Amino acid sequence: MLIRPPKALETPVMPLVSWDVPYPKTVSAGSLAPWQAKRVLAYIEANLETSLRASDLAAATRLSVGHFSRAFRITFGQPPHAFVMTRRVEKAKQLILLEDPVPLSEIARRCGLSDLAHLSRVFRKVVGYGPAAWRRRYWSPRIVVGRQRFVPIKAANCPGFFVPNARTSLATARDRA
């Protein structure tokens with residue numbers, strides 16, 4: 001016999017931010033409360049450059065470390081450390097795709113990782129290949145002709161990278177070439 005939680009525990013939660021930060025869609029038994037999920041996401045995003053410990057995250061939600069870790073895993077589907085590392089890799093991807101190339105060692109420092117080797121190891125574990133290979137594959141300077149900005153094919157094909165009107169910009173750039 002399957003026991004289902006009461007409907008009162010399945011209320012929707014409002015998103016914290018507009019970019020691709022995972023957030024809980026429903027509240028289930030044993031998960032973080034909506035205010036706790038919002039607070040911990042905001043704390044993680046604000047402090048990615050520093051070392052984040054489970055005790056710091058638990059203090060932000062006013063829970064013990066053990067209970068917080070269990071509730072975090074239920075809410076977000078992965079442990080706090082794995083979630084923080086994934087967010088750091090996403091921030092590294094954003095920094096790699098900037099118009100002015102930033103050295104990877106500087107990107108590692110801005111993402112809260114100790115050095116380039118640490119960035120490479122974590123990046124390879126999450127993405128599947130290293131940050132330098134990812135940069136070679138997806139980074140390309142944007143071409144500005146007059147007032148119109150054309151997005152190169154590389155940036156438009158980057159997974160998880162949204163470029164508004166990329167098809168029309170690419171078609172216009174191909175017609176001119």
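The slack between ARG124 and HIS81, meaning 0.36 nm per residue of separation minus the straight C-alpha distance, is 13.9 nm.
Dividing the convex hull volume of the alpha-carbon atoms in the range 83-138 by its residue count gives 65 Å³ per residue. Cβ-Cβ distance of ARG136 and ASN47, R₀ of 22 Å, FRET efficiency by 1/(1 + (r/R0)^6): the value works out to about 0.10.
A simple packing score, the average count of other Cβ atoms within 10 Å per residue, orders the peptides 81-88, 95-102, 58-65 as 81-88, 58-65, 95-102, with the highest score first.
Every read-out reported here was derived from the displayed coordinates using simple, explicitly stated rules and does not represent laboratory data. Small disclaimer: the values here were computed from a predicted structure and weren't measured. As a convention, Cβ positions derive from the backbone with ideal geometry for all residues, glycine included, and neighbour counts pool all protein chains shown.
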